[in-house]
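Inspection log for the structure reproduced underneath, given as structure tokens.
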Amino acid sequence: MCGIVGYAGTEQAAPILLEGLEKLEYRGYDSAGIAVLSPERGLQVEKAKGRLKVLRDLTKGGGTVEGVLGIGHTRWATHGEPSDVNSHPQLSAGRRIAVVHNGIIENYVEIKEFLSSQGVRFRSETDTEVVAQLLEYYYNECGDAMQAVYRMLDRIEGAYALGILFRDLPGAFIAARKDAPLLLGYGKGYSFIASDVTAIVKHTRDVAYMEDGEVALVTAESIQVFNAMGQPVEKKHSWVDWDVSAAEKGGYAHFMFKEIMEQPEAVRKTVSPRLRNGRVCFDELGLTEEEIRAFSRLFIVACGSSYHVGMVGKYNLERLLRRPVDVMLASEFRYADPLVDEHTLVIVISQSGETLDSMAALRQAKALGARVLAIVNVVGSSIAREADWVLYTWAGPEIAVATTKAYSTQLVLLDMLGLRFAEALGSIPEEEYARIVAELQALPAKLQAVLENTEQIKYLASRYFNHNSIFFIGRNLDYALGLEGSLKLKEISYIHCEAYASGELKHGTISLIEKGTLVVALCCYAPLFDKSVSNIVEVKARGADIVALTTESLAGELGKTAENILSIPDTHVILQPSLGVLPLQIFAYYVALQRGCDIDKPRNLAKSVTVE
Ligand code: F6R
């Protein structure tokens, strides 16, 4: 995820900004830049695609950029591929305003169209440039930096942490925040802003956290904060006593856990920009209703966890569309002589966008005449570039090898795609559509509720961490979810795990169940609840220990059969796997922790699998 640091003081700003950005490297980024203001040299901007070293070399360690006031940024691409021109700071056309931004401006297309109609010319593909250009537009009208900022904030929608330099505002920069973290750092004769404390903790531990709607005017001597109405706000200061090395993982021991905890936010970022007036809107897709209706068949192709998203997708999309949906491992698809043609939409799902098997499947599908829609996290990746259409998950960088937030965002995006297609096909009743949209909106809060209640999962992990073999069973969506739960556990804990469709047990696998075998029974899917309970009874009769996962409303009933019950909030059935996966990820995490495994870098695995 992007990182911001800003400095106002008496020392040269550029080296301090570069050093601060280095501390934010752990968040992941694909380009970096700084803007520094000085009375003699005006507004200087340097930025470059690639690692911070490129920017360091470009500026000779910051030495070529003079001034004691500046803002810096590491960018993780969301709108527009990683490139020099898309890097931040973004400049207004008159080069009078520089902006760094974390978050997503949801209505940037509409504002860009408006400004273009006013003769403003854009250089980048970013939503951030819209902020810089809009600021200049208002600044031209009112001639006052703060007023221009307030007018711009009134006009934009979405999430943002902003650092803004005005060429005509010497000695100060402006910060603003809504739904994206930004903090203020206080020193003697200097001030900071930063997206997280790691960037500035070397200089000050005296900080205040900006609240939504607040705007700050930052100078070397003071930081004045105003609320959304422009009234001054007294900030409560906090003292940071974090160990700096822990801070680099946001205070968590492992990236995997950090990324698990980021899921409510990641899902919100994926979902909310694409919901408008109760409808799913994919502005970026450009697929017409006719094109959607012309597909007679959908084919989902992916690897690993992304394939498991496809497994959930098959159940959900067939339910929503009443059209055949196939799902196939990419490594199988490419050699299977698959039955796809120009009436088929192939959906390739990939976090990295670089998985070789998925890439090869994409090319194979295109060669057979199919159209390809990619669901990808890494902007500008190979799969994103070669697909006919791309939907980005906007989950932010995923650093732990085991995927968590990418899985969750892929899942909701596929559900939303299902809704959009169902609307075009007329295959969904209006009330059902509205119910799902309402539950999508409620999803981040429900995810958060699951994450706030992990004590029992931790306890169960401590009880079962030394097992050698664990089975996940479930039916329908619970089976698809079990596949992911089992993969998560095996890849980071090295315990042998298998996921089975509960109804299949009696065809062979039940012979492996013996006294003390742990069976994780997934029972969220209400239509088959009774059958799932019968399967629990069967394995219990062979001596299995049960950990069961169900919904809050079914938990009481399940308690009559199983002992260790974990529950998730009730939601629409198609969204149950989105909630259900969290306890399974957390269980896997704590089991691996107990076993002393290298959680972020499990043995033999790579984050991006670019070999066959
Ligand atoms: C499991 C995991 C892998 C990936 C798979 C596909 O936690 O991360 O199974 O899901 O290698 O990777 P992408 O999604 O990058 O194509």
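Filtered by the rule that a residue be part of a loop (DSSP other than H, G, I, E, B) and not charged (D, E, K, R), the range 310-329 gives a lone residue, Pro324.
Contact map, the range 351-365: first residue closer than 13 Å to Met328 by Cα, second residue part of a loop (DSSP other than H, G, I, E, B) and within 8 Å of the ligand (Cβ to nearest atom), Cβ cut-off under 7 Å, separation 6 or more or different chains; pairs are Asp357/Cys303; Ser358/Cys303.
Determine whether the range 439-452 contains at least one residue that is away from the ligand (no atom under 16 Å from the Cβ), without any contact (Cβ under 8 Å) to a residue 12 or more places away in the chain, in the same structural domain as Leu285 (by TED's automatic domain parsing) and closer than 30 Å to Ser296 by Cβ. No, the conditions are met nowhere in the range 439-452.
Taking Asp84 as the residue in question, decide whether it is over 24 Å from Ala175 (Cα atoms), surrounded by fewer than 24 Cβ atoms within 10 Å (Cβ to Cβ) and in the same structural domain as Pro15 (by TED's automatic domain parsing).
Answer is no for this residue.
Being away from the ligand (no atom under 16 Å from the Cβ), of a type in the set (Asp, Glu) and without any contact (Cβ under 8 Å) to a residue 24 or more places away in the chain narrows it down to one residue among Glu284, Glu265, Glu234; which is it?
Exactly one of Glu284, Glu265, Glu234 is away from the ligand (no atom under 16 Å from the Cβ), of a type in the set (Asp, Glu) and without any contact (Cβ under 8 Å) to a residue 24 or more places away in the chain, namely Glu234.
Tell me which residues, restricted to the range 37-55, are without any contact (Cβ under 8 Å) to a residue 60 or more places away in the chain and touching a strand residue (DSSP E or B) at 6+ places or on another chain (Cβ under 9 Å). The answer is Ser38, Gln44, Val45, Glu46, Lys47, Ala48, Lys49, Gly50, Arg51, Leu52, Val54, Leu55. For the range 290-309, the tally of residues that are more than 10 Å from the ligand (Cβ to nearest atom) and assigned to a helix (DSSP H, G or I) stands at 5.
Per-residue answers, yes or no, for (1) aromatic (Phe, Trp, Tyr); (2) in a loop (DSSP other than H, G, I, E, B); (3) farther than 15 Å from Ala14 by Cα:
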residue	(1), (2), (3)
Leu55	no, no, no
Gly61	no, yes, no
Thr74	no, no, no
Ala77	no, yes, yes
Ser87	no, yes, yes
Arg95	no, yes, yes
Ile111	no, no, yes
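Counting only residues that are closer than 24 Å to Arg475 by Cα, in contact with a helix residue (DSSP H, G or I) (Cβ under 6 Å, 6 or more places away or on another chain) and among the aromatic types (Phe, Trp, Tyr), the range 292-348 holds 1 of them. For the range 318-328, the condition of being near the ligand (Cβ under 10 Å from one of its atoms), of a type outside the set (Asp, Glu) and buried (at least 24 other Cβ atoms within 10 Å of the Cβ) holds for none of the residues.
The values are calculated or read from the model by the stated rules, or taken from the named source; none is laboratory data. Fair warning: this is a prediction, and the values are worked out from it, not measured in the lab. Positions of Cβ are generated from backbone atoms using ideal geometry, with glycine treated the same way; all protein chains shown enter the neighbour counts.
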